[in-house]
Structures are given as C-alpha cells and as structure tokens.
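I have placed the structure first, in the form of structure tokens, so that the comments after it can refer back to it.
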Amino acid sequence: MKLWPWVMDLTIDPPERERPIHLWLPLFLLWPLLAIIALLGFAITIPVDVVLLLIARPYHHFTLLLYRCLELLAETRGFSVRVNSDRNVIAMTLY
C-alpha cells in the first residue's frame, strides 16, 4: 500500500543569516481534507463514466484518471529538490 507524503522537510539557508531556517511541515494533517475531496471526486466521476459508457462515448475513464492522480501523489514520497541561487539555498524533501 502506498501512502501519501507525511512530512515536508524545508531548509532555507540565506547567506546573511548565521543559521539556516529549518522547517518540518506536517502534511499528514492535510490527509483528511484530501480524502474528502477524493471521495467527492469519485462520487462524481463514477456516475459520469457509467453514463458515458452507456451512451457509447469513446472516452469514459475519468475515475481512472482521478485514481492515477492519487497514485502519483503517493509516489512523491522521497522526492527531493535543492535550489542554489545567489541569494539563497533551498532544499525540500518529502517523507
């Protein structure tokens, strides 16, 4: 089972500061909101797919599209970005 990212580790290191700014942002607090949005999305896309299948439209995979988007979100665990610029160094990792 794949889980959505738990925490975002964000580090900002401006050169004028002695110590970098280090934040741990708890993404798991957003999971209930995302789950409600996903359930509402499935409640809309499943009947739409059934109706489009019954009237013989060629494309009726909106439910699969929503499911794949949620899978893509789960695959972002371990994603890491580091941006070096003249003013800041920013590093972000999703756990």
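The values are calculated or read from the model by the stated rules, or taken from the named source; none is laboratory data. Fair warning: this is a prediction, and the values are worked out from it, not measured in the lab. Cβ coordinates were reconstructed from backbone atoms using ideal geometry, including for glycine residues, and neighbour counts include every protein chain displayed.
Could you please find all residues in the range 61-79 being under 30 Å from Met92 (Cα atoms) and not in a helix (DSSP H, G or I)?
Within the range 61-79, Glu75, Thr76, Arg77, Gly78, Phe79 qualify.
Filter the range 25-60 for residues that are exposed (fewer than 10 other Cβ atoms within 10 Å of the Cβ) and either assigned to a strand (DSSP E or B) or modelled with pLDDT under 95 (or both) and give the result.
Leu54, Ile55, Ala56, Pro58, Tyr59
How about the range 1-19: which of its residues are over 25 Å from Arg68 (Cα atoms) and surrounded by fewer than 14 Cβ atoms within 10 Å (Cβ to Cβ)?
Passing the criteria: Pro14, Pro15, Glu16, Arg17, Glu18, Arg19.
Could you please find all residues in the range 21-49 being closer than 30 Å to Asp86 by Cα and in contact (Cβ under 8 Å) with a residue 24 or more places away in the chain?
Leu27
Would you point out the residue of the range 45-95, among those that are under 25 Å from Pro5 (Cβ atoms) and of a type in the set (Val, Ile, Thr), that is nearest to the chain's Cα centre (by Cα)?
Only one residue fits best here, namely Thr76.
Could you list all residues from the range 62-95 that are under 20 Å from Glu18 (Cα atoms), out of contact with any Leu (no Cβ under 7 Å at 6 or more places or on another chain) and in contact (Cβ under 8 Å) with a residue 24 or more places away in the chain?
Of everything in the range 62-95, those that are under 20 Å from Glu18 (Cα atoms), out of contact with any Leu (no Cβ under 7 Å at 6 or more places or on another chain) and in contact (Cβ under 8 Å) with a residue 24 or more places away in the chain turn out to be Arg87, Asn88, Val89, Ile90, Ala91.
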